[in-house]
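Reading through the structure tokens given below for one structure.
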């Protein structure tokens, strides 16, 4: 192992057996030493959840050729924390999360376990990237993402990452889509128009499945949804300071 | 029921039986019609997680006098979604979440189920507030929070809430603490210095408990941690647009 090769921590939220993390691994092993710590089962939509009320388990995985790999019983953020503080005992040079099966554009960044792993990396001061392919097909052709993954990861390693920021990278997908380029932009203001599919069990008691449609009412041009629609990969620099600075003075004027 | 009284949806992440939500209920019932939809068990640190891989359950709860109440098998964000789209069939006038057992200052906002419920409310365009008491004692005296809760909630109802913003309210706690006032401020840049307590089960296989210390390295004056330390309640206007706008131009200069 050359000391020149960066140490890369790889995780995701679709689980260690997913196709997307395999594709990401194949690209990352070309540019660094890779260690994989990923959930042992799907953890989509777990957001920034961490496991505090039950213990975590780590099992060695032998699915990644010679690379050290672990399947973790927890969430993507748990994987990052275990990686840094238990397995590596130091901060890796880069955290890459994904490639997610499905878009993490717009407000989906808040629900996404894949992106929360990258945000956790930023909180630790580590260069971090979340990659997502805009297809929910578990058997999608992830090779279309490889050029973008390599280009973004190598840029992140050779440039200074802005402080307290990680990258949310989405890659368009479709039969006739050729990725036209990469655009740096902001999170669109879309949202889920939720509904619940109410069913009844064998005792005639109700249960509910969350469902719904994603709506984009953002007509601004430089958003992630705008560029994905046009066939470009999008990069949203993403921060964990959620303060609405513009609102501070307005609220100060209330009778508090 | 007077049509003048606002409809208030109440939730939390400590679970429907917690002391904090009882205190919040007692204040909210004075100013509006209240419906409670809260997790049936503790959901602390669940962040913005939603339940998509198993169905959700709702059980009627009779713990809140005459008010309609449900215990939900899901996360705080699930509670908000079920409340709006399944139980109420319309958007409430106000969502209040808490009172959380423990501070949600600084970067804890990202891990907090209590605050994620409020953020979800903001995403729905509903006035939303998360309240937290800076004590992890499950039997803490929540009455010290009542003045702040009432003052903030009535202000939110009578003023225009800034668009796409909710409030993260933390209330100081301690033997000799009298809440000196309320300060509108920004999220401090603190972080968790994590560690894991590694133990071995009866088969001598390891398991891990997440632990650690919270560190504040933010010396700025107008942060939530700064004001809490000085005995003030803090309000951080909190947004769900996580774009790091300042970083866009810098990343555009890379060789992408």
Inter-copy distances for residue B:160, nm, shortest first, label points 7 Å along Cα→Cβ, are 4.0
One quarter of the C-alpha convex hull surface, i.e. the mean projected area of the range B:11-146 in nm², amounts to 7.6
Per-residue average of other protein chain Cβ atoms inside 10 Å, peptide B:189-201 -> 4
Output field shielding_mean for B:230-241 (other chain Cβ, 10 Å radius) holds 5
Taking only the alpha-carbon positions of the protein assembly as shown as identical scatterers, the Debye log10 I(q)/I(0) at q = 0.06, 0.07, 0.08, 0.10 Å⁻¹ comes out as -0.26, -0.36, -0.48, -0.75
Helix-only [θ] at 222 nm, the protein assembly as shown, -39500 (n - 2.57) per DSSP H run of 4+, per residue, nearest 500, equals -6500 deg cm²/dmol
Proxy exposure order for A:214, A:64 (fewest C-beta within 10 Å first) is A:214, A:64
FRET efficiency (residue A:250, residue B:93; Cβ distance; R0 22 Å; to 0.05) is 0.65
Sorted shortest first, the nm distances from the residue A:246 label point (7 Å along Cα→Cβ) to its counterparts in the other copies are 1.7
Mean other chain Cβ within 10 Å across B:112-120 is 2
One can check that the equivalent ellipsoid of the range A:1-72, built from the alpha-carbon gyration tensor with semi-axes equal to the square roots of five times its eigenvalues, has lengths in Å, largest first, of 23, 13, 12
Quick note on A:138, B:75, ordering by fewest other C-beta atoms within 10 Å, gives A:138, B:75
For A:227, B:254, ascending order of other Cβ atoms within 10 Å (fewest first) is B:254, A:227
For chain B, the convex hull over Cα atoms projects on average to an area in nm² of 18.1
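Computed from the coordinates by the stated procedures, all read-outs in this text should not be read as laboratory data. Keep in mind that this is a model prediction, so the values were computed, not measured. Neighbour counts run over all protein chains shown; Cβ positions are idealised from the backbone, glycine included.
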